[in-house]
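Written out below as structure tokens is the structure these notes cover.
Derivation of every value follows stated rules applied to the coordinates shown; laboratory data play no part. In this text, all values refer to a predicted model and were calculated from it rather than measured experimentally. Backbone-built Cβ (ideal geometry, glycine too); neighbour counts: all protein chains shown.
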Amino acid sequence: MIVPRYWARVTSEERTPAGRRVPFSCCQWSERSLAEAQARAREVAERIARRIRGGEALPERYAYGTRPLREEVLRELRGGDDALAAVLTRNAYGAVVLNAAGTMFVDVDLAEPSLRERLSTWFRGRGAAAPAAGSVPQAAALATLERFVGSHAGWGFRVYRTRAGLRYLATHATFDPASDESATAMAALGCDPRYVQLCRSQTSFRARLTPKPWRCGTRPPPARWPFEGAAEEARARQWEAKYDAACAKFATCALLSTVGNQWVHHDVQPIVRLHDELSRAESGLPLA
């Protein structure tokens, strides 16, 4: 998995040939040490400064999924052979994410009900049962999953409902996130192509375990990791405490069913337990 533990940020400013001040910052990473990350950040900052001094345009932002995600490592989970099986990180908007080395997660987004469906429900009156959000696309997505499992003997999935779609967790085997087999399976199940690309480039599968802040009544964090100084980190930690308290009222997904092979691979079992515990998949709480 490419989940760098060490990140460093350099913030500076430089003047253009016309004398205009241009503030900038850059972050770089290392899987070996903070010192290496800091050295890389200083090197990149100097290249950016030279471009500004020379009147050159700044480089474009990195495309999604083409570089490691800048996320604080919270916890590591190792398998029986002491190999890294999963890493918990905190993403840019503060949610905790499970990064799995070999346990395949497939997220499928579902459409919200159309305006016609919502108006039809309203006109039927309060006594009428409203159709579940995304009910028709959900049925279609699950039918696709059933067909896929029917044509892939031995495959099995745990199926979860998320706030905006479905999540499938493959339980019968482990997978290489960068393999064509994984990409083909995820695409066939209707997974977002950007997620497929991210799994390939990060060599890990991802699943959000805690709510998006705006869905549980809080704002995104006041600062992004790595923090610039003790004061910025203190504000971020205070935010985390409030966010954790808000999360206690919600689940991130709800277990709906299992499809196909019921046997769970021994390397997948601890990932299932961790995922279900932290996402509160069997709590019955509202989804966020």
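Can you give the direction-averaged projected area of the convex hull of the alpha-carbon atoms in the chain, in nm²? Could the numbers behind the result be given before it?
Working: hull surface 77.3 nm².
Answer in nm², one decimal: 19.3.
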Quiz item: Mind checking the alpha-carbon convex hull of region 205-284 and giving the volume per residue in Å³?
Solution: 124 Å³
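Run the numbers for residue 74 and residue 176: contour at 0.36 nm per residue of separation, minus the present Cα-Cα distance, in nm. Don't jump to the answer; show the numbers that get you there.
Details: separation 102, 0.36 × 102 = 36.72 nm, distance 2.31 nm.
This chain segment gains 34.4 nm when fully extended.
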Quiz item: Got the relative contact order for region 72-279 handy, in percent, Cα pairs under 8 Å and 6 or more residues apart?
Solution: 28 percent
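Length gain on complete extension for the stretch residue 234 to residue 153, per 0.36 nm per residue less the alpha carbon to alpha carbon distance? Show your work: numbers first, answer last.
Working: separation 81, 0.36 × 81 = 29.16 nm, distance 5.19 nm.
That works out to 24.0 nm of additional length.
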Practice problem: Select from 35, 274, 8 the residue farthest towards the positive end of the dipole of the chain; place +1 on Cβ of Lys and Arg, -1 on Cβ of Asp and Glu, and compute about the Cα centre. | Solution: 8
Quiz prompt | For residue 85, distant residues with modelled amide H under 5 Å away | solution = 77, 78, 79
Self-check item: Size of charge dipole - the chain - debye, nearest 20, with Cβ of Lys, Arg +1 and Asp, Glu -1, no other charges
Solution: 1200 debye
Quiz prompt | Cβ-based charge dipole, the chain, positive-most Cα from 214, 87, 170 | solution = 214
Quiz item: Hey, how many Å between the Cα centroid of region 156-218 and the Cα centroid of region 233-268?
Solution: 14 Å
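Between residue 219 and residue 57, what is 0.36 nm times their sequence separation minus the Cα-Cα distance? Round to one decimal in nm. Don't skip to the end; give the middle numbers.
Numbers: separation 162, 0.36 × 162 = 58.32 nm, distance 3.36 nm.
Full extension of this stretch gives 55.0 nm more.
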Exercise. Provide the FRET efficiency to the nearest 0.05 for the residue 146-residue 109 pair, computing r from the beta carbons and using R0 = 25 Å.
Key: 0.85
Exercise. Place a label point 7 angstrom from the Cα of residue 20 along the Cα-to-Cβ direction, then list the residues of region 31-60 whose backbone nitrogen is under 19 Å away.
Key: 48-60
Exercise. Have a look at 256, 185, 236 and report the one farthest towards the positive end of the charge dipole of region 175-260, computed about the Cα centre with Cβ charges (Lys/Arg +1, Asp/Glu -1).
Key: 236
Practice problem: Would you compute, for the Cα atoms of region 6-53, the largest minus smallest coordinate along each principal axis and list the three values in descending order, in whole Å? | Solution: 40, 13, 9
